[in-house]
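Peer 1: Just dropping this structure here.
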Amino acid sequence: MRRVVFNQKGGVGKSSIATNLAAISAWEGHKTLLIDLDVQGNTSSYLGINTHDEEQCPENNVADFFRRSTGGMLSVKKSPDYFVHETFIENLYLIPSSPELEVLEMELERRHKIYKLKQALEKLEDEYERIYIDTPPNFNFYSKSALIAADTALIPFNCDSFSRQALYNLMANIEELGEDHNPELEIEGVIVNQFLSQAKLPAALIAELREEELPVLNSYLSSSVKMKESQCAQRPMIAFAPSHKLTKQLIELYREIEGLS
């Protein structure tokens with residue numbers, strides 16, 4: 001199963017959700033791969049790799065994977081597992097980000113390398129039971145590559161009017177790309193994040209989305225400073241605060257998308 005976590009709007013918890021779901025998957029005993037396609041490298045940082053520090057960022061990162069697909073002197077072929085790194089969490093593996101993703105993008109688009117990630121993941125799928133892909137907060141080469149490579153898409157959603165309008169545009173873009181490049185891609189669900197149970201607006205917005213038959217998942221994630229603390233500690237919630245309310249919500253979300261609840 002290959003899942004992409006994507007939203008064109010920033011600040012919706014994309015990297016946090018991708019990392020925590022992958023960590024729970026590993027904790028549940030599934031050999032899990034997490035891929036960081038965001039030049040910001042937040043997912044990599046969450047798991048202890050500061051990709052903006054030359055001493056910490058490994059050379060065999062996701063940018064190196066794409067660079068080797070462009071031809072020339074650096075095009076020596078490597079198996080996709082060459083770019084995979086172990087993490088401190090048992091069963092959880094990472095292909096880290098790199099600042100070089102930004103400078104590579106135009107070259108990759110020019111050379112039409114949009115299917116390279118899909119081809120690599122098809123080779124890795126026999127080894128990893130679950131694959132999660134974190135994406136940049138825009139509809140660019142890397143997010144399109146992820147959507148083409150994925151089986152399903154998860155869409156984080158913050159309960160406000162701006163996020164709602166962005167959600168409609170996002171779903172239209174995903175559906176159009178799926179029709180053209182990945183007809184089997186399914187929108188697995190909209191993840192309600194930063195949910196405030198005492199506020200009226202979030203509940204009203206969610207009810208309206210459900211009335212419009214959008215695939216809003218039943219498991220909501222509350223707003224909590226504990227998430228920021230876990231990011232600072234570079235330990236996903238399942239390792240940082242396993243009994244916390246937010247951790248339990250993340251586990252419920254994981255169980256829902258896995259069809260276990």
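The values are calculated or read from the model by the stated rules, or taken from the named source; none is laboratory data. Everything numeric here is computed off the predicted structure, so don't read it as measured data. Quick reminder, even Gly has a Cβ in these numbers, built from the backbone with ideal geometry, and neighbours come from all protein chains shown.
Peer 1: Identify, from the list Leu37, Leu21, the residue that is farther than 22 Å from Ser219 by Cα and touching a residue at least 12 places away in the same chain (Cβ under 8 Å).
Peer 2: That would be Leu37, the only listed residue that is farther than 22 Å from Ser219 by Cα and touching a residue at least 12 places away in the same chain (Cβ under 8 Å).
Peer 1: May I pose another question? Would it be correct to say that Asn20 is among the polar types (S, T, N, Q) and modelled with pLDDT of 95 or more?
Peer 2: So Asn20 passes the test.
Peer 1: If you don't mind, another one. If I ask for residues that are out of contact with any Leu (no Cβ under 9 Å at 6 or more places or on another chain), crowded, with 18+ Cβ neighbours inside 10 Å and not in a loop (DSSP other than H, G, I, E, B), which ones from segment 240-251 would you list?
Peer 2: If the condition is that a residue be out of contact with any Leu (no Cβ under 9 Å at 6 or more places or on another chain), crowded, with 18+ Cβ neighbours inside 10 Å and not in a loop (DSSP other than H, G, I, E, B), then Phe240, Thr247, Ile251 are the ones that fit.
Peer 1: Next question, about the same structure. Considering only segment 47-57, I want to know if a residue exists there that is in contact with a strand residue (DSSP E or B) (Cβ under 6 Å, 6 or more places away or on another chain) and in a strand (DSSP E or B).
Peer 2: Looking for residues that are in contact with a strand residue (DSSP E or B) (Cβ under 6 Å, 6 or more places away or on another chain) and in a strand (DSSP E or B), one finds none in segment 47-57, hence no.
Peer 1: Is it the case that segment 118-141 has a residue that's aliphatic (A, V, I, L, M) and free of Cβ contacts under 8 Å to residues at least 24 places away in the same chain? I'd like the intermediate steps shown before the answer.
Peer 2: In the first step, residues of segment 118-141 are kept if they are aliphatic (A, V, I, L, M); the result is 120-121, 124, 131, 133.
Subsequent filtering for residues that are free of Cβ contacts under 8 Å to residues at least 24 places away in the same chain retains none.
Among the residues of segment 118-141, not one is aliphatic (A, V, I, L, M) and free of Cβ contacts under 8 Å to residues at least 24 places away in the same chain, which makes the answer no.
Peer 1: Answer yes or no: is there a residue in segment 223-239 that is outside any helix (DSSP H, G or I), within 25 Å of Glu28 (Cα to Cα) and at pLDDT below 95.
Peer 2: yes
Peer 1: Looking at Ala146, is it buried (at least 20 other Cβ atoms within 10 Å of the Cβ), outside any helix (DSSP H, G or I) and not polar (S, T, N, Q)?
Peer 2: When the stated conditions are applied, Ala146 does not pass them.
Peer 1: For segment 187-208, how many residues are surrounded by 13 or more Cβ atoms within 10 Å (Cβ to Cβ) and either more than 21 Å from Ser16 (Cβ to Cβ) or touching a Ser or Thr at 6+ places or on another chain (Cβ under 9 Å) (or both)?
Peer 2: Quick first cut of segment 187-208, residues surrounded by 13 or more Cβ atoms within 10 Å (Cβ to Cβ) only: 187-196, 202-203, 205-206.
In the following step, the residues that additionally are either more than 21 Å from Ser16 (Cβ to Cβ) or touching a Ser or Thr at 6+ places or on another chain (Cβ under 9 Å) (or both) were identified as 187-189, 191-196, 203, 205.
The total comes to 11.
Peer 1: Filter segment 86-117 for residues that are touching a residue at least 12 places away in the same chain (Cβ under 8 Å) and farther than 14 Å from Leu37 by Cα and give the result.
Peer 2: Within segment 86-117, Thr87, Phe88, Ile89, Glu90, Asn91, Leu92, Tyr93, Glu107, Glu109, Arg111, Lys113, Tyr115 qualify.
Peer 1: Shifting gears a bit: Among the listed residues Glu125, Glu184, identify the single one that is at pLDDT below 90 and under 25 Å from Tyr254 (Cβ atoms).
Peer 2: Glu125
Peer 1: Further question on the same structure: Starting from segment 148-162, keep only residues that are over 19 Å from Arg210 (Cβ atoms) and without any contact (Cβ under 8 Å) to a residue 40 or more places away in the chain, then list their pairs with residues that are crowded, with 24+ Cβ neighbours inside 10 Å and of a type outside the set (Val, Ile, Thr) whose Cβ atoms are within a distance under 9 Å, requiring at least 6 positions of separation or different chains.
Peer 2: Once the first residue is over 19 Å from Arg210 (Cβ atoms) and without any contact (Cβ under 8 Å) to a residue 40 or more places away in the chain and sits in segment 148-162, its partners that are crowded, with 24+ Cβ neighbours inside 10 Å and of a type outside the set (Val, Ile, Thr) give Ile148/Leu117.
Peer 1: Which residue, of Glu176, Glu109, Glu102, Glu184, is surrounded by fewer than 18 Cβ atoms within 10 Å (Cβ to Cβ) and in a loop (DSSP other than H, G, I, E, B)? Break it down stepwise before answering.
Peer 2: Values: Glu176 fails: in a loop (DSSP other than H, G, I, E, B); Glu109 fails: in a loop (DSSP other than H, G, I, E, B); Glu102 fails: in a loop (DSSP other than H, G, I, E, B).
Just a single option satisfies the conditions, and that option is Glu184.
Peer 1: Then there's this: Tell me, please, whether a residue that is within 21 Å of Gln249 (Cβ to Cβ), modelled with pLDDT of 95 or more and small (Gly, Ala, Ser) can be found in segment 27-37.
Peer 2: Taking segment 27-37 as the starting set, the residues that turn out to be within 21 Å of Gln249 (Cβ to Cβ) are 27-30, 32, 34.
Remaining after also requiring modelled with pLDDT of 95 or more: 27-30, 32, 34.
This time we only want the ones that are small (Gly, Ala, Ser), so: 29.
Checked segment 27-37: at least one residue is within 21 Å of Gln249 (Cβ to Cβ), modelled with pLDDT of 95 or more and small (Gly, Ala, Ser).
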